[in-house]
Amino acid sequence: MKKCFLSSVFCLLFSVFCLLSFISCAAVGQLTKKPEKKIDLSKQMAAAETRPSEAPAPQLPGPVTPEFVPAKEDTSPLQTKTVSVSARSTPLREVLFTIAETASLNLVMERGVDTELPVTMTLKNISVQDALNIILDSSDYFYSVTENILTVRAMGTEIFELGHPNVVQEYKMNVGGDILSGTSSVGQSANAVSGDVSIKSSSDNVSFQFWDAIEKTMGTILKPEQGKVVQPAFVVNRMAGTVMVTAAKKDLKKVGDYFTNLKKVLNRQVLVEARIVEVQLSEGLKYGIDWNALIKGVAQSANINVGTTGFTNVLTGDTPNFQVNVTGTENLTLLLKALQEQGDVQTLSNPRINIMNGQTALLSVGRNTSFISKVETVTTTSAGSAPTTTFTVETNSVLSGILFGLVPYINSDGEITLTITPIVTNLVSLESKIVGATDNSVEIKLPTVDLREMSTTVRIIDGQIVVIGGLISKNTKSTENKIPLLGDIPVLGEFFKSVDKTDEQTELVIMLIPRLMI
């Protein structure tokens, strides 16, 4: 009993001691712990609205700056791991398997890859990526790494964009003709007089079939090979201007090099500035412009070469040609000032046009006049009714103005070969003719046209001037002089009039400046 009583007293005293220790620790914690301040933003904003305007606004806590965490570089085993390969007539699959094991990659070899292809090489301490590039370039295979899968392919696909319009051009030129209209001397003897001199030229229709030529070229480059499971193929989209090619690496590189050079040639272009002027020759220049005086007029500030030296490689013997090369700071201005000393200068046209390599350009300025060229009549009769006549009329047109054709060819050295065909026409009159019987006659009109034309081919360099001259026409101008009032009297007024006739000669001069566009 006594022992139990002592144990109970001891437990009670220990419990009291623990309780007092807990209370004292709690009191000390309350004294040392700072009170936590809570911010109510809604109350502060309401208080700011009721506070006078002079009172400063409460400072809100700033944004919390996040801790800086350095970015981890995405390291690829293709670049970080190195490999050493020594193979002598070893199958390709064994070499690739060794490299894949080193880089911890899965290996997939697609259909068409020759796994038994012997490989002989020695590579020491190079990256996995360089090893794959060297081995598969020599084997003519493609590879790609997606996640941890190494895929080897026999064929690759690439889309080439050419940007060439699906337009087929055609260029034809015809100057001259039969000046005697097919007539000859009486009797059609061996010495019959004829007058047919003409130059005809037309473009090669096959060469202008651009996409047909592309398809033919692709078929030549991508020839099928016997024994290969996968064959090369291509698809031409003419509307989009693209070519999709699926082929081996060496063939795909050939196609890429071909299209790169082709676009480089086709994208060459030249800016041609033309000045077509007509010079009314003065009294002392009845034989045309004095080119020696023209040279002296601009020799102080320009270098001029006159003649046709060096054109035998691009001009035929029967092709008319004449060239003046002027190099200076004010090319056209100097020439025009010199021409003004030869006579009155009138500018007929001053076009500027960009032309791509091998493409055609046509300039037409003037007035188009239509006339009746053919009339057919058909008369039908029926019993008990008057005959009915039906007319069928065909019309034609004639241009009174300038027709100018240009075709440039630019080589890799920057030399420009120009085919130039200027034609200048002037409608003099439309003469009416009555055809048919009196009761069934038809009036048609026949045009009278003054014509000046030529065609030539020249080779020049960037910035040189080509001058085409010598196209002279002669016009007779009548000036009527009369005494006022008396000259207007019918019949008797002819005695008080006089008519002065003067002959005017004009020479057509065409100046061209081609400039290469980079």
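The values are calculated or read from the model by the stated rules, or taken from the named source; none is laboratory data. It should be emphasised that the depicted structure is a prediction, and the values quoted were computed from it without experimental measurement. Because the Cβ atoms are built from the backbone with ideal geometry, glycine has one as well, and the counts that use them run over all protein chains shown. In case anyone asks, the SASA skips ligands and DNA or RNA and just uses the protein heavy atoms, side chains included. Shrake-Rupley method; radii C 1.70, N 1.55, O 1.52, S 1.80 Å.
Express in nm, to one decimal, how much length is gained between V108 and T151 on full extension, taking 0.36 nm for each residue of separation and deducting their alpha carbon distance.
Values: separation 43, 0.36 × 43 = 15.48 nm, distance 0.47 nm.
Full extension of this stretch gives 15.0 nm more.
Can you tell me the FRET efficiency between I483 and S441 if r is taken as the Cβ-Cβ distance and R0 is 56 Å, rounded to the nearest 0.05?
So, using R0 = 56 Å, E works out to roughly 0.85.
Enter the accessible area of D344 (Å², nearest 10), with the probe set to 1.4 Å and all protein chains included.
110 Å²
May I ask you to derive the relative contact order of the stretch 398-496, considering only C-alpha pairs under 8 Å and at least 6 residues apart, and to give it as an integer percent?
Values: 134 pairs, mean separation 22.3, N = 99.
Over the stretch 398-496, the number comes to 22 percent.
Using r as the Cβ-Cβ distance of D450 and V378, and R0 as 30 Å, what FRET efficiency do you calculate, to the nearest 0.05?
After rounding, the FRET efficiency stands at 0.20.
Of all accessible surface on the stretch 191-261 at a 1.4 Å probe, what whole percent is carbon and sulfur?
Carbon and sulfur atoms account for 54 percent of the accessible area of the stretch 191-261.
Probe radius 1.4 Å, ligands and nucleic acids ignored: give me the carbon and sulfur share of the accessible area of the stretch 379-467 as a rounded percent.
Values: 2380 of 4730 Å².
The C+S portion of the solvent-accessible surface of the stretch 379-467 is 50 percent.
Give me the number: length gained by fully extending E273 to D140, i.e. 0.36 nm times residue separation minus the C-alpha to C-alpha distance, one decimal in nm.
Stretched fully, the E273-D140 segment lengthens by 42.8 nm.
Can you give the relative contact order of the stretch 351-456 as a percent, counting alpha carbon pairs under 8 Å and 6+ residues apart?
Relative contact order, the stretch 351-456: 26 percent.
At 0.36 nm per residue, and after removing the present C-alpha to C-alpha distance, how many nm does the segment from D196 to I461 gain when stretched out fully? Each step should come with its number before you reach the end.
Details: separation 265, 0.36 × 265 = 95.40 nm, distance 3.51 nm.
Full extension from D196 to I461 adds 91.9 nm.
For an R0 of 25 angstrom, estimate the FRET efficiency from the Cβ-Cβ distance between D204 and V265 and round to the nearest 0.05.
The formula returns an efficiency of 0.90 here.
With the cut-off at 31 Å, tell me which of the pairs K172/K253; K216/K249; K124/K253 have Cα atoms farther apart than that.
Going by Cα-Cα distance, K172/K253 fall outside the 31 Å limit.
Under a plain spin-label model, where a point goes 7 Å from the Cα along Cα-to-Cβ, how far apart in nm are R515 and T395?
Result: 4.2 nm between the two label points.
Amide H to amide H under 5 Å from V85: which residues, 5+ apart in sequence or cross-chain, H placed 1.01 Å off N in plane?
L123, K124, N125
Specify which residue in the list N237, M218, I276 is farthest towards the positive end of the charge dipole of the stretch 209-286, using unit charges on the beta carbon of Lys, Arg (+1) and Asp, Glu (-1), about the Cα centre.
M218
Size of the dipole of the stretch 395-518 about the Cα centre, Lys and Arg at +1 and Asp and Glu at -1 on the beta carbon, nothing else charged, in debye to 20?
Computed charge dipole of the stretch 395-518: roughly 60 debye.
I want to make sure I understand the PRE zone here: with the label point 7 angstrom from the Cα of E101 toward its beta carbon, which residues in the stretch 133-171 have backbone N atoms less than 20 Å away?
Under cut-off, by backbone N: 133, 135-136, 148-152.
Which one of T425, P490, P447 has its Cα pushed farthest toward the positive end of the charge dipole of the stretch 417-518, where Lys and Arg give +1 and Asp and Glu give -1 at the Cβ?
Sorting the options by dipole projection puts first T425.
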